[in-house]
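The values are calculated or read from the model by the stated rules, or taken from the named source; none is laboratory data. On a predicted model such as this, the values are computed, not experimentally measured, just so you know. Every residue, glycine among them, receives a Cβ derived from its backbone with ideal geometry; neighbour counts consider all protein chains shown.
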Amino acid sequence: MSVLRWQDGGGALFAGLPRGVAAGFTTLDLVPDDVEADEGARRLAELLGVPEAPVARLKQVHGATVVEAKGAGPGTVVVAGFGDAVVTTEPELVLAIATADCVPVVLFDAEAGALAAVHAGWRGTAARVVDAALDALEARGARPGRVHALFGPSISRDVYEVGPEVLSALDGSLPPGAALPGRGDRSFLDVAACNEAALLRRGVRPERIVRPRLCTFSEAGRFSSYRRDGARAGRIFTGAVLGAGEPGG
């Protein structure tokens, strides 16, 4: 069975999730590069089948701060705070992360009713933002063995070349094969693999990790990519909602 259901109007939904959980991400045909952040987040809510739900997004800062989202009014898009992970236990509140090469991850424990969305660039990965998000979920009753982890599109190792300072910052958290030699002192880096390894170290079960390995840089007609398009790149919105009905297919 496919892990994704691509939608006719744009975007994709993760398939096979527990009842009451909807998660997915936008594509360029749903959220073109020139769409403003609030509108992109609203279109994510529509994709998830909850067009009137409140949406919480972040002012993302490439760190490991976790922000709690709650109390947003119906139909609103709010900036919950400055950070790179947002967590909630409120049903029918969409959490949205904006990326254009960095790694977006949705984490949830349906039994605990706890949800997080994470923005993990290399700096956030070095700061262990996924661990911080798991800590926040555990504080709200989640257990790592029950957590589902869903990865959205991000830049792939084959095209993401970085300097030695990046590998130095990630020292101790690089799984085998995540970095390969590049030109001179540079390396090709798989940031998503680093975050997947962090989840496994914390006890998230491999069968509950969904990583479709979609490359933002390589799929120019489908995804925004800052490394490919620079400042004119838009954003991909990845997120989820608890307490949702079945999204349209």
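For segment 104-162, filtered to residues that are among the charged types (D, E, K, R) and part of a helix (DSSP H, G or I), the residue that is farthest from Thr65 (Cα to Cα) is Asp158. Here Leu174 passes the criteria (1) over 17 Å from the mean Cα position of the chain (by Cα); (2) surrounded by 14 or more Cβ atoms within 10 Å (Cβ to Cβ); (3) part of a helix (DSSP H, G or I) except the one numbered (3).
On inspection, Asp38 fails the criterion of being in a loop (DSSP other than H, G, I, E, B) and either at pLDDT 95 or above or under 15 Å from the mean Cα position of the chain (by Cα) (or both). Please verify whether Pro74 is part of a loop (DSSP other than H, G, I, E, B), in contact (Cβ under 8 Å) with a residue 24 or more places away in the chain and surrounded by fewer than 17 Cβ atoms within 10 Å (Cβ to Cβ), treating the condition exactly as stated. It is false that Pro74 is part of a loop (DSSP other than H, G, I, E, B), in contact (Cβ under 8 Å) with a residue 24 or more places away in the chain and surrounded by fewer than 17 Cβ atoms within 10 Å (Cβ to Cβ). Contact map, segment 137-148: residues that are without any contact (Cβ under 8 Å) to a residue 24 or more places away in the chain paired with residues that are assigned to a helix (DSSP H, G or I), Cβ distance under 8 Å, separation 6+ or inter-chain. Pairs shown: Glu138/Pro144.
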